[in-house]
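Let me begin by presenting the structure, written as structure tokens, before commenting on it.
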Amino acid sequence: MLTATCHCRAIKVEVPREPESVTDCNCSICRRYGVLWAYYGDVEVTLTAADDATDEYVWGDKTQKFIRCKHCGCVMQWKKFAIDAETWTGVNARNFEPSIIGKVPVRLLDGADTWEYL
């Protein structure tokens, strides 16, 4: 089990294993957040937060929400609104300790235009 935390440690995300790769997306929101996404099945991710510590941001077609810490502002995860056994979620791998993701390959995603990996 791997654990990621926000800066103030009010939110903890646990995943079952190291990601095979992480995605650096250049879409309008990901480039502003500066995140690296590690993908897991939604049922594999556990988010634990102090009372009233999370905030959500939803935009565009309103099918996806970004979960962040209300206190320190760290983006922790994105989730789809329609959840089933096949739904994937993104965990911000930058919240893991560098030793965990340091050797994981980074894939560049052109989310700003083609939605293809470069």
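Among the candidates Val35, Val75, Val45, Val22, which residue alone is out of contact with any helix residue (DSSP H, G or I) (no Cβ under 7 Å at 6 or more places or on another chain) and modelled with pLDDT of 95 or more?
Testing whether each residue is out of contact with any helix residue (DSSP H, G or I) (no Cβ under 7 Å at 6 or more places or on another chain) and modelled with pLDDT of 95 or more leaves just Val45.
Conditions tested, residue by residue: (1) assigned to a loop (DSSP other than H, G, I, E, B); (2) loosely packed, with under 14 Cβ neighbours inside 10 Å; (3) polar (S, T, N, Q).
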{"site": "Glu14", "(1), (2), (3)": "no, no, no"}
{"site": "Arg17", "(1), (2), (3)": "yes, yes, no"}
{"site": "Thr23", "(1), (2), (3)": "no, no, yes"}
{"site": "Asp51", "(1), (2), (3)": "yes, yes, no"}
{"site": "Glu56", "(1), (2), (3)": "no, yes, no"}
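Return the residues of region 25-41 that are assigned to a loop (DSSP other than H, G, I, E, B) and surrounded by fewer than 14 Cβ atoms within 10 Å (Cβ to Cβ); say none if nothing qualifies.
If the condition is that a residue be assigned to a loop (DSSP other than H, G, I, E, B) and surrounded by fewer than 14 Cβ atoms within 10 Å (Cβ to Cβ), then Asn26, Ser28, Gly34 are the ones that fit.
Which numbered condition trips up Gly60, out of (1) at positive phi; (2) of a type in the set (Gly, Ala, Ser); (3) in a strand (DSSP E or B)?
(3)
What residue, among those in region 12-69 that are free of Cβ contacts under 8 Å to residues at least 40 places away in the same chain and of a type in the set (Phe, Trp, Tyr), is farthest from Gly111 (Cα to Cα)?
Going through the qualifying residues, I end up with Tyr57.
Please determine whether any residue of region 49-66 is of a type in the set (Lys, Arg) and either within 12 Å of Asn92 (Cβ to Cβ) or touching an Asp or Glu at 6+ places or on another chain (Cβ under 7 Å) (or both).
Within region 49-66, one or more residues are of a type in the set (Lys, Arg) and either within 12 Å of Asn92 (Cβ to Cβ) or touching an Asp or Glu at 6+ places or on another chain (Cβ under 7 Å) (or both).
Could you tell me whether region 95-112 includes any residue that is among the aliphatic types (A, V, I, L, M), within 15 Å of Val13 (Cβ to Cβ), modelled with pLDDT of 95 or more and not in a helix (DSSP H, G or I)?
no
Results for (1) of a type in the set (Asp, Glu); (2) in contact with a Phe, Trp or Tyr (Cβ under 9 Å, 6 or more places away or on another chain); (3) closer than 19 Å to Arg31 by Cα, shown as yes or no for each residue.
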| residue | (1), (2), (3) |
| --- | --- |
| Lys65 | no, yes, yes |
| Lys79 | no, yes, yes |
| Gly90 | no, yes, yes |
| Pro98 | no, no, no |
| Gly102 | no, no, no |
| Val106 | no, no, yes |
| Asp110 | yes, yes, yes |
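The values are calculated or read from the model by the stated rules, or taken from the named source; none is laboratory data. Fair warning: this is a prediction, and the values are worked out from it, not measured in the lab. For neighbour counting, all protein chains shown are included, and Cβ atoms are generated from backbone atoms with ideal geometry for every residue, glycine included.
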